[in-house]
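In what follows, a single structure is set out as structure tokens and then discussed.
Only the coordinates and a few stated rules stand behind these numbers; no lab work does. Just so we're clear, the structure is a prediction, and the values are computed from it rather than from any experiment. Positions of Cβ are generated from backbone atoms using ideal geometry, with glycine treated the same way; all protein chains shown enter the neighbour counts.
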2 protein chains.
Amino acid sequence: MSEQGRVAPARRRGLADEVADRIREAIFAGTYAPGAQLREVELAGALDVSRGPVREALLRLEREGLVRSAWHRGATVTTLSPADVAELDSLRAALEQLAVRQVAAHASDDDLATVEQAAERMRRVEDEHEMVRCDIAFHDAVYAAARHRRLEEAWQAIRSQVHLFLLTRIGVRSADYLAHIPEEHRELAAALRARDTERALTLFAAHRLHAFDVLTDPDPRT
Amino acid sequence: MSEQGRVAPARRRGLADEVADRIREAIFAGTYAPGAQLREVELAGALDVSRGPVREALLRLEREGLVRSAWHRGATVTTLSPADVAELDSLRAALEQLAVRQVAAHASDDDLATVEQAAERMRRVEDEHEMVRCDIAFHDAVYAAARHRRLEEAWQAIRSQVHLFLLTRIGVRSADYLAHIPEEHRELAAALRARDTERALTLFAAHRLHAFDVLTDPDPRT
DNA sequence: GAATGTCCGAATGTTAACATCACGACAAAC
DNA sequence: GTTTGTCGTGATGTTAACATTCGGACATTC
């Protein structure tokens, strides 16, 4: 969005990045369920590359918390225990508070517009997987608007895990989810646009709570 | 201490971990100054291993923010601009607040004792490099006492950079630093031991400010 | 003389073969 | 019957050679 007319970044990516993307997609698509082993030779064969880039890709996915690996024991897809979800929620809260403060205080109008667009995009979504992607994308936009590289990196370190968590929510309260979530995000964006820090913090906290307590307190109506 | 009599973790580490440690030490020792290039063949030759583990080690150091790398352009030691230092300070604040809350609320007495020991250890230190190491070790202990794996990982992602930052402070106000810092940390530990969340948060904030404004507002007396 | 095009060197990216390790099954010993 | 020791399999860890790419130096062109 209007990077002041700047041209594209135009940086070439290595094979390892590409491989990491493919593996990540496969995990989110359910090809590799949580707990499944990710064998290097198998992945290398499937993606038609050697083990080097696969190895590097697994290291990056480990940085994202999507994968855990032990010495000579290979990599497995992360499984999220209730304790893990609690950790994710508290850490996400800490990061998001900082992000919201930064955005409300210093964000450019362009960046705010990008956040609003991300919220708008959710209204035209039917598929649940797509909605989860949009949800994550919205928060990506918020962190991007904060213009805080290390904060964004910290978010990326748990981003995929949050994605995984949201995925487990699919099927539960799906009707509510699809109906209410877009409006909720529009309010978040509006509070940021108004630069109302306190209101934004409150709304973001409520938003996290909605996502979180579906697991601990499932809605009996569904 | 006293992990309830549990034996040591006893997990073997790979070559890559060892290599990462050596490179990290070399950077902290000043062998590779900020901005310096880290050539894979050079490191591999010096450490007498092949480029594979070196490559892996550089990826880990990149995760720690100690190293930056671009495609086909190799890795360089991170240089910290004033903006970077500001980022570190704000992110560190967010993480530390969560850690302090967790510790004050749920930490075991054993974990608190470990924190106190880390603070005590600072009193017998003369060398400035050693003091910086103890300073970091103290905060390590606090994060460990929080018993929050992802929070600890987030801390580790900026830990080395904070170390680098503290190193730049050496030589400035060194007398003050060596004299006052140990007492400051003992107060931090005491507030945690008393489980006085608000006081601890205030003290930790003041502590960060002390470290931070040496660069922005150097003491004229020194 | 400034700009463009081409080439060379040096570094990283990638590959495939080799070495090492962990886990499980099976057998032996107590 | 439980435990301990051995072995084989299949994976990861490591290595060294090959391919690709970047950056700068030099020559060329207008």
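A few comments on the model shown:
- Across chain A, Cα pairs under 8 Å and at least six residues apart give a relative contact order of 21 percent.
- Counting from the shortest, the label point at B:Ala70, 7 Å from Cα toward Cβ, is 4.1 nm from the same position in each remaining copy.
- At R0 = 41 Å, FRET efficiency that the Cβ-Cβ distance of B:Arg51 and B:Ala105 yields, to 0.05: 0.30
- Relative to the globular-protein estimate of 2.2 N^0.38 Å, the Cα radius of gyration of segment B:82-216 stands at 0.97.
- Candidates A:Arg195, A:Arg124, A:Arg133, ranked by Gaussian network fluctuation over chain A, Cα under 10 Å, top entry: A:Arg124
- Nm distances between copies for A:Arg147, ranked from closest, using label points 7 Å along Cα→Cβ: 4.2
- Equivalent ellipsoid, segment B:130-179 (semi-axes from 5 times Cα gyration tensor eigenvalues, Å): 24, 12, 6
- Here the calculated FRET efficiency for B:Ala29 and A:Ala36, from their Cβ-Cβ distance with R0 = 45 Å, stands at 0.60, rounded to the nearest 0.05.
- Proximity of backbone amide H atoms, modeled 1.01 Å from N, is registered between A:Thr78 and A:Gly35, A:Val67, A:Arg68 at under 5 Å, excluding neighbours fewer than 5 places apart on the same chain.
- Debye intensity ratio in log₁₀ form over the Cα atoms of the protein assembly as shown, taken at each q of 0.12, 0.14 Å⁻¹: -1.21, -1.60
- For segment B:76-127 and segment A:30-74, distance of Cα centres in Å: 33
- Using a 7 Å projection from Cα along Cα-to-Cβ, the label point at B:Leu209 is separated from the same position in the remaining copies by 3.2 nm, smallest value first.
- Using equal-weight Cα scatterers in the Debye expression, the normalised intensity of segment A:7-77 in log10 at q = 0.24 Å⁻¹ is -1.08.
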